[in-house]
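See below for the structure under consideration.
The values are calculated or read from the model by the stated rules, or taken from the named source; none is laboratory data. Fair warning: this is a prediction, and the values are worked out from it, not measured in the lab. A quick note on method: Cβ atoms are made from the backbone with ideal geometry, for glycine too, and the neighbour counts reach across all protein chains shown. SASA here: full protein model, heavy atoms, side chains in, ligands and nucleic acids out. Shrake-Rupley method; radii C 1.70, N 1.55, O 1.52, S 1.80 Å.
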Amino acid sequence: MLKKTKTRKRVEEILLSADTPLTANDIYTILHQEQITLSSIYRTLDTYTKEGIIAKENNIDGIAIYTLKQDDHHHFLECKNCHKKIKLDYCPYHQANSKIKKNNAFEVDETNVVYGTCKDCKK
Ligand SMILES: [Zn+2]
Ligand SMILES: [Zn+2]
């Protein structure tokens, strides 16, 4: 019981301090020294996703990535080629979405990660 609480606390702390969305393995890399198992990390991520505390989506390799939901939500740009990630301090969907909502009565789902090509790979 105690251990479960510790896992939840540590997973939350790591996601909070992360600059990019993390995979379960990324979290495990940080936590395995604390005797926290990969399966307990998966269980915690699963519970948190169901509770709406964290957002889960798949990266372009089909691997699940997790972001802590915050009031002040963030998006990341990720280069499909070199996987460089850039954190945005604004919502790239905001303007487009309100227009689509108004004109098409349709609500677009936001994804935390927006894929594209960075300037180094564009050359
Ligand atoms: Zn790139
Ligand atoms: Zn947004």
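Zone of residue 93 (label point 7 Å along Cα→Cβ, backbone N under 20 Å): which residues in segment 104-118? So the set is 104-117. Relative to the longest principal axis of the chain, what angle (0 to 90°, nearest 10) does the C-alpha long axis of helix 94-104 take? Roughly 60 degrees, rounded to the nearest 10. Between the beta carbons of residue 39 and residue 106, assuming R0 = 41 Å, the FRET efficiency works out to 0.55 to the nearest 0.05. Do any chymotrypsin sites (Phe, Trp or Tyr not before Pro) in segment 71-123 lie in a loop, going by DSSP, with at most 15 other beta-carbon atoms within 10 Å of their beta carbon, and if so which? Hits after loop and neighbour filter: 90, 93, 106. Given contacts defined as C-alpha pairs under 8 Å and at least six residues apart, what's the relative contact order of segment 12-76, whole-number percent? Answer for segment 12-76 is 35 percent. Of the beta bridges in the chain, as assigned by DSSP with both residues counted there, near 70 percent are antiparallel.
Working from Cα pairs under 8 Å separated by at least six residues, relative contact order for segment 1-48 is 42 percent. With contacts taken as Cα pairs under 8 Å at a separation of at least 6 residues, the chain carries a relative contact order of 21 percent. Shown for segment 1-70 is the translational diffusion coefficient from the Stokes-Einstein equation, using the Kirkwood radius over Cα pairs, a temperature of 4 °C and a viscosity of 1.567 mPa s: 108 µm²/s.
Proximity of backbone amide H atoms, modeled 1.01 Å from N, is registered between residue 69 and 54, 55 at under 5 Å, excluding neighbours fewer than 5 places apart on the same chain. What is the helix-to-structure angle for 2-17, meaning the angle in degrees between its Cα long axis and the longest Cα principal axis of the chain, kept from 0 to 90 and rounded to the nearest 10? So the helix axis and the longest Cα principal axis differ by about 30 degrees.
Atom-type composition of the exposed protein surface of the chain places 51 percent of the accessible area on carbon and sulfur (1.4 angstrom probe). When Rg and the Kirkwood Rh are both derived from Cα coordinates, the Rg/Rh ratio for the chain amounts to 1.03. With protein chains left intact and a 1.4 Å probe, residues in the chain average 70 Å² of accessible area per residue. Distance between the C-alpha centres of segment 93-115 and segment 1-74: 26 Å, rounded to the whole angstrom.
For the chain, take the longest principal axis of its alpha carbons; what is the angle in degrees between that and the long axis of helix 38-50, to the nearest 10 within 0 to 90? The angle comes out near 50 degrees.
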